[in-house]
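The values are calculated or read from the model by the stated rules, or taken from the named source; none is laboratory data. These numbers were taken from a predicted model, which means no experiment stands behind them. Quick reminder, even Gly has a Cβ in these numbers, built from the backbone with ideal geometry, and neighbours come from all protein chains shown. Surface accessibility is based on the protein's heavy atoms, side chains included, excluding ligands, DNA and RNA. Shrake-Rupley method; radii C 1.70, N 1.55, O 1.52, S 1.80 Å.
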Amino acid sequence: MMNINELKTYLPQRYPFLLVDRIIELVPNEKIVGIKNVTVNEPFFNGHFPNDPVMPGVLLIEAMTQTAGVLGFVSENKSPDKGYNYLLVGTDKARFKRPVTPGDQLVMHARFITRKRHILKFSCEAYVDDQLVASVETLVAEQKIEV
């Protein structure tokens, strides 16, 4: 539904912090499903942990929030090239069920919960092989930027 080149129009992050490879489902104002293919070449595996590589939990939250951000941009008809960005401003109920390791395909689901002024709230879950690996509620704040 949305390849990496299309994603880059909505997400300002670039390597090594662009953590979504593809969007496979998107229903504006409702839900989105994104994919991150986790490879041993990820720069964070050099230090987390070299002999037993595990994707850091904060990056799982970032990947889920980036996926949710695409849903926000599409739903609000905004994007960085239109002068808008979303910044992560809060997380609630973060849970990690099992490690994410090289070779895993992370499937991230985000659902729109609410919008209050310039703050959007999402419920996010990440799966590997249909098993829940992490979940979180994220808050992002809309930021006006110079284009």
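Report yes if some residue within region 32-44 is open to solvent by less than 10 Å² (accessible area, probe 1.4 Å), part of a loop (DSSP other than H, G, I, E, B) and of a type outside the set (Val, Ile, Thr); otherwise report no. No, every residue in region 32-44 fails to be open to solvent by less than 10 Å² (accessible area, probe 1.4 Å), part of a loop (DSSP other than H, G, I, E, B) and of a type outside the set (Val, Ile, Thr). For region 56-86, filtering for residues that are more than 19 Å from Leu7 (Cβ to Cβ) and among the aliphatic types (A, V, I, L, M) leaves 1.
Identify, from the list Leu120, Leu26, Leu18, the residue that is under 16 Å from Val136 (Cβ atoms) and under 16 Å from the mean Cα position of the chain (by Cα). First the steps, then the outcome.
On the way: Leu26 fails: under 16 Å from Val136 (Cβ atoms); Leu18 fails: under 16 Å from Val136 (Cβ atoms).
Sole residue among the options that is under 16 Å from Val136 (Cβ atoms) and under 16 Å from the mean Cα position of the chain (by Cα): Leu120.
Among what's in region 137-147 and is assigned to a strand (DSSP E or B) and open to solvent by 20 Å² or more (accessible area, probe 1.4 Å), pick the residue that is farthest from Pro50 (Cα to Cα). Per the stated criteria, the residue is Lys144.
Output yes when any residue across region 11-20 is part of a strand (DSSP E or B) and surrounded by fewer than 18 Cβ atoms within 10 Å (Cβ to Cβ), and no when none is. Looking through region 11-20, none of the residues is part of a strand (DSSP E or B) and surrounded by fewer than 18 Cβ atoms within 10 Å (Cβ to Cβ). Only a single criterion out of (1) of a type outside the set (Ser, Thr, Tyr); (2) within 20 Å of Lys97 (Cα to Cα); (3) touching a helix residue (DSSP H, G or I) at 6+ places or on another chain (Cβ under 7 Å) is not satisfied by Gly57, namely (3).
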